[in-house]
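What follows draws every value from the coordinates through simple rules; no lab data is involved. None of these values were measured; they are calculated from a predicted model. Because the Cβ atoms are built from the backbone with ideal geometry, glycine has one as well, and the counts that use them run over all protein chains shown.
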Number of protein chains: 2
Amino acid sequence: MWPRDRKLRKLDECPYYLVSRASLLMTATLKKTFAGAGIRGLRPSYLVVLWCLWQRDGQKMIQLARCAGLEPSTMTGLLDRMERDGFVTREPAPQDRRAMHIQLTDKGLGVHDTAMRMMDETLSMLFMGIPLEEIDIAARVLRRIISNVRGTTGESTGR
Amino acid sequence: MWPRDRKLRKLDECPYYLVSRASLLMTATLKKTFAGAGIRGLRPSYLVVLWCLWQRDGQKMIQLARCAGLEPSTMTGLLDRMERDGFVTREPAPQDRRAMHIQLTDKGLGVHDTAMRMMDETLSMLFMGIPLEEIDIAARVLRRIISNVRGTTGESTGR
DNA sequence: TACGTATTATTCGCATACATACTATCCGCT
DNA sequence: AGCGGATAGTATGTATGCGAATAATACGTA
């Protein structure tokens, strides 16, 4: 529980600052790692979508949005770029004429191993000098924050 | 240290996903809290700048950028909006004709107490059910991530 | 079957962030 | 004094994300 009486003296004592800054820096780092790995056009933001499709190829946009935790309006632009960069194809879904059927291209599928390796490498660098035990606690804290927000926004259990 | 042999099965086992998602959700939550507190036009992104100015009013843009960890080009737009919304004034600095002197308005100064209270309230909600001990560990992990990135980007010690 | 509602995706406007290129100014050194 | 490099800030283009409004389609129910 956050202690009401804790005074924030410096910026880096504020959890909100820490999470925001870490997020931006981790993204920038990942971007550089990708750039140096010879994968043309792969961006950190593509990862959540690729991840969903690697698990199960061929999904509707709305499914990807829910899986990635992004708004549908955000997915539109994201998929525009992913299509432009050759990672996915977007076709009208056969059963539902409202829906779009998103599928991996060969490039999108083939990039899996390298992307995972790059992610691993990046995480190794980012977590340098931090005991694994603390990394796992931090992950648990973040998961709880996420579920705390979902719980109070009137969302059902994130399905 | 991040274990190389750890396989990421689900998205929420990936620290990068957790930090990004938490960052977005925390920002959205803070935004809602501000909106409900009757402070006209206060946004989460303004906080870092206000924080720096609350500590010491009257700074150059470049100082604010360094303090906040943002690029100068980002500060330009941010200060445009903060000026527009009445939190700061931007005047040419007297000693250095290249520089801009950023100062709090009455509104910018007066919003301090409410903003801190709202931040406190938001953090209480976000950290619901998490032991303080774990929050502090998570904060330490994030600080270390941040310094790890700064350390390898060729930046000096964040001055 | 037809109507009303829900769902799916897109468009638009805005905010936030970066990199790059540019202008203006300052400062050290000759 | 003046030249060259460093510094401060802005402009521009792109990426990423949200919310509100819109269009098209699907579906339950009368």
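Place a +1 charge on the Cβ of each Lys and Arg in segment B:5-159 and a -1 charge on the Cβ of each Asp and Glu, then give the dipole magnitude about the Cα centre in debye, rounded to the nearest 20. Before the final figure, lay out the partial values.
Details: 24 positive and 18 negative charges, 85 e Å.
That gives segment B:5-159 a dipole magnitude of about 400 debye.
Other protein chain C-beta atoms within 10 Å of residue C-beta, averaged over A:2-9: 5. For B:G58, the amide hydrogen comes within under 5 Å of the amide hydrogens of B:L104, counting only partners 5 or more places away or on other chains and with H modelled in the peptide plane. Kindly flag which residue pairs out of B:K7/B:K31; A:K32/A:K107; A:K60/B:K31; A:K31/B:K32; A:K10/B:K31 have an alpha-carbon separation exceeding 28 Å in this structure. Exceeds cut-off: B:K7/B:K31; A:K60/B:K31; A:K31/B:K32. Counted as membrane-span-like here are DSSP H helices of chain B whose alpha-carbon atoms extend 15 Å or more along the helix's own axis and whose Kyte-Doolittle mean is 0.0 or above; these are B:15-35, B:132-152.
With +1 on the Cβ of every Lys and Arg and -1 on the Cβ of every Asp and Glu, and nothing else charged, how large is the dipole of the protein assembly as shown about its Cα centre, in debye rounded to the nearest 20? Walk me through the numbers before you get to the answer.
Details: 50 positive and 36 negative charges, 57 e Å.
Computed about the Cα centre, the dipole is about 280 debye.
Shortest first, B:E13 label-point distances to identical copies amount to 3.8 nm, with the label point at 7 Å from Cα along Cα→Cβ.
Close amide-amide hydrogen proximity is noted between B:F127 and A:W2, each under 5 Å apart and 5 or more residues distant or on a separate chain (H modeled in the peptide plane; Pro and chain starts excluded).
Shown is the FRET efficiency for A:R143 and B:K32, computed with R0 = 25 Å from the Cβ-Cβ distance and rounded to the nearest 0.05: 0.75.
No disulfide-compatible partner, judged by a Cβ distance under 4.7 Å, exists for the following cysteines of chain B: B:C14. Label-point spacing at A:S147 relative to the other copies reads 3.2 nm, in ascending order, each point sitting 7 Å out from Cα along Cα→Cβ.
Between A:R81 and A:D106, the distance separating the two model label sites (each 7 Å from Cα on the Cα→Cβ line) works out to 2.6 nm. Taking the label point as lying 7 angstrom from Cα along the Cα-to-Cβ axis, what are the distances from A:G86 to the corresponding position in the remaining copies, in ascending order and in nanometres? Those label-point separations list as 5.4 nm.
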